[in-house]
Amino acid sequence: MKHLKNVLRAVVIATPLVLAMGAAEAEDAPKKMKFAFALTTGVENAWAESLLSSFKTIQEQKPHGLELSMNYTENVWGDKSMDVLQSYAETGEYDVIWAHSSFSDEVEELKEEYPEIMFVTVGSGNRPLGGNSYLVYMHLHEQAYLAGVLAGMTTKTDVLGIVGLFPADDVNDRINGFRAGAKAVNANVKVVVTFIESWYDPAKAMEAANAQVAAKADIIYQFGESFEACKNNRIMCIGSYIDANPYAPESVVTSVTANWQPVLGYVVDEWVKHKESGEPLNAPMEEIWFPMAAGTGELAPYHDFESVLSEETKEKVIETRDKIVSGELIVPLDTSLPVSD
């Protein structure tokens, strides 16, 4: 009994001390986190818009109680890349410099000089550098597979078009995923693939889509953000990264959307862990990406096409999605160069 009293007394005495330590730690915990985004296009581009939209959402959520803020520079590429990244680093204002494309060469020159800055490079063309440089991907092959299921069950001509950008890992994966989904439900379907060799050129994207229409494509997965060909020829288009239906409500049946919140959340968690532990930033020497089950994106709503699509098609898409999310169906991550059938 005497022993029990001593234990209880120790707990009572220790409790205020633990609370005091917790309060001190809370006071020392970071309260603000500032991002700088280097964007290769203007903010009107879906690749950039999807990121900034996701950032605004996570900003409202205040992960770890942090007040998140950001700045960005558009059209960063070529000789301008190093100037922009270095300028952000030199200010000392930013905790994260997010290079939203192939910037690993520039980051490699800067990372050692600024060890407290968390650099993030995104997608194809980058190399894992480790340390304070994180390589992230947005692989949407699973969502593209669902779009392929929809297209394969809806096409009347059995010809599907895909207008890609540059042939790159995070473009090829979606094209191959789309093709796999379409062929899973329609063995007769043929896919016409065109790369416009640009990250953003709506005029080239329209030209490519017109050529695919001439090849009898009646549904086009349009990476290039141009829906004129679909509108003029009264066929369906599938958008990329954002819900593109508001831009062409008579043409865009759905879109393969990107949600960057899981990736942004990972970056915030890694930065907080670094701050709280005092340990150096330690990025893995491999790409970081999250599957659809983690919330990286979905198919956008069908809008006015809800009544146009067959119930069988809509049910098949839901069934397939559930199997992907549960792990029953594995969509291979295939980044090989896709070609037309």
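The values are calculated or read from the model by the stated rules, or taken from the named source; none is laboratory data. This structure is a prediction, so every number in the text was calculated from the model and none was measured. Here the Cβ positions follow ideal geometry from the backbone for every residue, glycine too, while neighbour counts run over all protein chains shown.
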Exercise for the section: Could you tell me whether Ile330 is touching an Asp or Glu at 6+ places or on another chain (Cβ under 7 Å) and at negative phi? Expected result: no
Handout entry: Check on Gly239, at pLDDT below 95, closer than 21 Å to His139 by Cβ and touching a strand residue (DSSP E or B) at 6+ places or on another chain (Cβ under 7 Å)
Key = no
Exercise for the section: Tell me, yes or no, whether the stretch 251-273 has at least one residue that is over 17 Å from the mean Cα position of the chain (by Cα), in the same structural domain as Ala208 (by TED's automatic domain parsing) and either in a loop (DSSP other than H, G, I, E, B) or free of Cβ contacts under 8 Å to residues at least 24 places away in the same chain (or both). Expected result: yes
Fill in the blank from the handout: When every residue in the stretch 97-118 that is part of a loop (DSSP other than H, G, I, E, B) and hydrophobic (A, V, I, L, M, F, W, C) is compared, the one surrounded by the fewest Cβ atoms within 10 Å (Cβ to Cβ) is Ile117
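Based on what the data block shows, is Ile288 in the same structural domain as Val149 (by TED's automatic domain parsing) and either touching a helix residue (DSSP H, G or I) at 6+ places or on another chain (Cβ under 9 Å) or modelled with pLDDT of 95 or more (or both)?
On the way: in the same structural domain as Val149 (by TED's automatic domain parsing): no; either touching a helix residue (DSSP H, G or I) at 6+ places or on another chain (Cβ under 9 Å) or modelled with pLDDT of 95 or more (or both): yes.
Judged against the criteria, Ile288 is not a match.
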Handout entry: Output for the stretch 230-250, where each listed residue is of a type in the set (Lys, Arg) and part of a helix (DSSP H, G or I)
Key = Lys231
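If you check Met70, Met82, Met153, Met138, which single one turns out to be of a type in the set (A, V, I, L, M) and more than 30 Å from Ala205 (Cα to Cα)?
Values: Met82 fails: more than 30 Å from Ala205 (Cα to Cα); Met153 fails: more than 30 Å from Ala205 (Cα to Cα); Met138 fails: more than 30 Å from Ala205 (Cα to Cα).
Only one candidate qualifies: Met70.
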Handout entry: Extreme residue, farthest from Ser198 (Cα to Cα), among residues of the stretch 74-96 that are within 20 Å of the chain's Cα centre (by Cα) and buried (at least 17 other Cβ atoms within 10 Å of the Cβ)
Key = Val96
Problem - When residues of the stretch 1-57 are limited to those that are of a type in the set (Ser, Thr, Tyr) and in a helix (DSSP H, G or I), the one modelled with the lowest pLDDT - result: Thr15
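Here's the yes/no breakdown for (1) surrounded by 12 or more Cβ atoms within 10 Å (Cβ to Cβ); (2) in the same structural domain as Phe195 (by TED's automatic domain parsing):
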residue	(1), (2)
His303	yes, yes
Ser307	no, yes
Ser310	no, yes
Glu315	no, yes
Thr320	yes, yes
Val331	yes, no
Thr335	yes, no
Practice task
Check the stretch 297-306 and report whether any residue there is among the acidic types (Asp, Glu) and without any contact (Cβ under 8 Å) to a residue 60 or more places away in the chain.
Solution key: yes
